[in-house]
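Scroll down for the structure; my scribbles are underneath it.
The values are calculated or read from the model by the stated rules, or taken from the named source; none is laboratory data. Note that this is a predicted model, so its numbers are computed, not measured. For neighbour counting, all protein chains shown are included, and Cβ atoms are generated from backbone atoms with ideal geometry for every residue, glycine included.
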Amino acid sequence: MSTFNQFMRITSEWFIYLVYVITLYYLFISFFGLVRKKDYSKAAPSKRFAVIVAAYNEEIVIGDMMDSLNMLNYPKELYDVFVIADNCTDNTAAKARNKGVVVFERFDKDKKGKGYALEWIFNKIFEMEKKYDSVVIFDADNLVHRDFLMEMNKKLCQGFKVVQGYLDVKNPTDTWITGSYSIAFWTNNRMFQLGRSNIGLSNQLGGTGFCVDVEILKKLGWGATCLTEDLEFTCKLVLNGYKVGWAHDAIIFDEKPLALSQSWRQRKRWMQGFADVSGRYFFRLIEAAVKRKSFVAFDCALYSIQPVIIIILGISSTIAIFKYALGVMALLNKTNIINYIYSMNLETAKIFLLFFGIFQLLYTPIILILEKKISSKILLYYLIYPFYVITWFPISAQGLIDKNKKEWSHTIHTRSVKINDLEKPN
C-alpha cells in the first residue's frame, strides 16, 4: 500500500506543478488584457476588400448576413461580397443572389469543408481582373458591425498583414449553452486576444471575422483544409515569421448552438482539429522558438496543444478529488491517517484550489463587467458555466482519440436575427 501511496503522491505533485505553470502562464497573459487603450487614430478608406462568406445550407440566415454586409460603413466601390454556396442542397445560393452579391456554387463530395471551399474561391479571386488588397472571411450565420471594414482598414494601414476581429455572440441568452459560449468568447477576447496584442504576441485566428493580405496569401498559399483551418493557418503564419493582429472594435456576431448535444459535436470537431494540427506543427513551432529565440512561436506552440492541456487539467483535478476521498475514508476508518495525509499534499492542493476558486468566482465576472456584458441572465448562466467547462475534459479526450476522422459538424439554425435587433456593442 505504501508503494501505491508513493506513486499517487509523486504523480499528483507532477501534475499539480504542471498545472501551476500553465495556469500562471495564461494568468500572466490575461493581466495585460485588463487595460484597454482605445485606438482613436483614423485612416481614410483605401484598402480594397474581397469579402468571402462560406455557406453550407444556410437559407435561414444568409439573407440577414447579406443585409449586414450591405450596410457596412465603407465605400461600396472598395469592397465586393462573394458567397461560396458549398455543396448546398437548399435555397442558399438563390437567396444570396437576391441580395445582389456574387455567388459561386461548388459541388465536391470528396473535398468537403470550409478549408477546401476557401482554397477553391481564393484561386478564383486571384484570377479576377479586379484586384484586392485583402480577403475577409466570414461564416454565413454571422452578422457584422457596420464599422468592421473601417477598423480592418485602419489595422492594415498600420502595417498588419493578417488581423482577427472581435468574436461576439448574436444569441447569448437563448439557452444556458449559448450563454456559456458567450462567457467563454467574451473572456477570451479580453483576457487572451487583447492580452496577447498588448504584449506583442501573435493573436489566434478564430475561424471567422478575419482578413488576410492577398500578397501574403499568394506567397504562403492557403493549404489549411483540416477541421480547424483557422488554427492551421495561424501556425503557418507564425512559422513564416508573421503575426496575427487584433482589432477589438471590428465586431462579428456569431451564432452558437442551442443544445448540449450540438455543442458537444462542434467542440469535439474543434479538438479533433487541434489534435491534428498540433501533431503537425507543435515541434516545428518549438524548433522555431528555440532557433529564432521567438516567444511568439513558443506561445503559438502552447496554444496548439489545447486538448492535451485540458486533459492534464482534468487528470490533475481527478487525482485531487481521489486523494481527498482517500483522506476522508482514512479519517472515517481511523487507520493509516498519517500516511494518507502525507500522500494528499494538503497544503499544495489547498493553495491551488483556493487560487483557482478565487479566479473563477471573481476574475471572470470582472472581465464581463469590463466588456459591458454583465446582466442578470448572464450571471445566472455563470452559475451553470462550471458544468460547461467540465464538459471540455471528455470532449478533448474524444478529440484526441478521433483526430484522424474528418466529419463536419454543422450548426442548425432555427430563426432569423437582424443586425438591427442586436444591442449596440461597446
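Just a few scattered comments:
- Cβ-Cβ contacts under 6 Å between residues 6 or more apart (or on different chains), taken from a first residue in the stretch 145-157 that is buried (at least 24 other Cβ atoms within 10 Å of the Cβ) to a second residue that is charged (D, E, K, R) and modelled with pLDDT of 95 or more, are listed as N153/K47.
- Residue selected from the stretch 56-84 under the condition touching a Ser or Thr at 6+ places or on another chain (Cβ under 8 Å) and part of a helix (DSSP H, G or I), by the criterion farthest from N142 (Cα to Cα): L78
- Condition check for V163: under 20 Å from A96 (Cα atoms), of a type outside the set (G, A, S), in contact (Cβ under 8 Å) with a residue 12 or more places away in the chain and part of a strand (DSSP E or B): no
So that you can scan it fast, the table gives a plain yes or no per residue for (1) surrounded by fewer than 13 Cβ atoms within 10 Å (Cβ to Cβ); (2) modelled with pLDDT of 90 or more:
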position: I10; (1), (2): yes, no
position: V21; (1), (2): yes, no
position: Y26; (1), (2): no, no
position: Y40; (1), (2): yes, no
position: P45; (1), (2): no, yes
position: A50; (1), (2): no, yes
position: Y56; (1), (2): no, yes
position: I62; (1), (2): no, yes
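- Residue among K47, K112, K42, K99 that alone is more than 30 Å from I367 (Cα to Cα), part of a loop (DSSP other than H, G, I, E, B) and in contact with a Lys or Arg (Cβ under 9 Å, 6 or more places away or on another chain): K112
- Residues satisfying the stated conditions in the stretch 232-266, i.e. closer than 16 Å to F185 by Cα and touching a Leu at 6+ places or on another chain (Cβ under 9 Å): W246, H248, A250, I251, I252, F253, D254, E255
- Reported count of residues in the stretch 127-168, each being in contact with a Phe, Trp or Tyr (Cβ under 6 Å, 6 or more places away or on another chain) and under 16 Å from W186 (Cβ atoms), is 3.
- If you go through the stretch 160-178 and keep only what is more than 16 Å from I374 (Cα to Cα) and hydrophobic (A, V, I, L, M, F, W, C), you end up with F160, V162, V163, L167, I177.
- Pairs meeting the criteria (first residue in the stretch 222-243 and part of a loop (DSSP other than H, G, I, E, B), second residue aliphatic (A, V, I, L, M), beta carbons under 7 Å, at least 6 apart or on different chains) are W222/L118; C226/V277; T228/V277; N240/L220; Y242/V162; Y242/I216; K243/V296.
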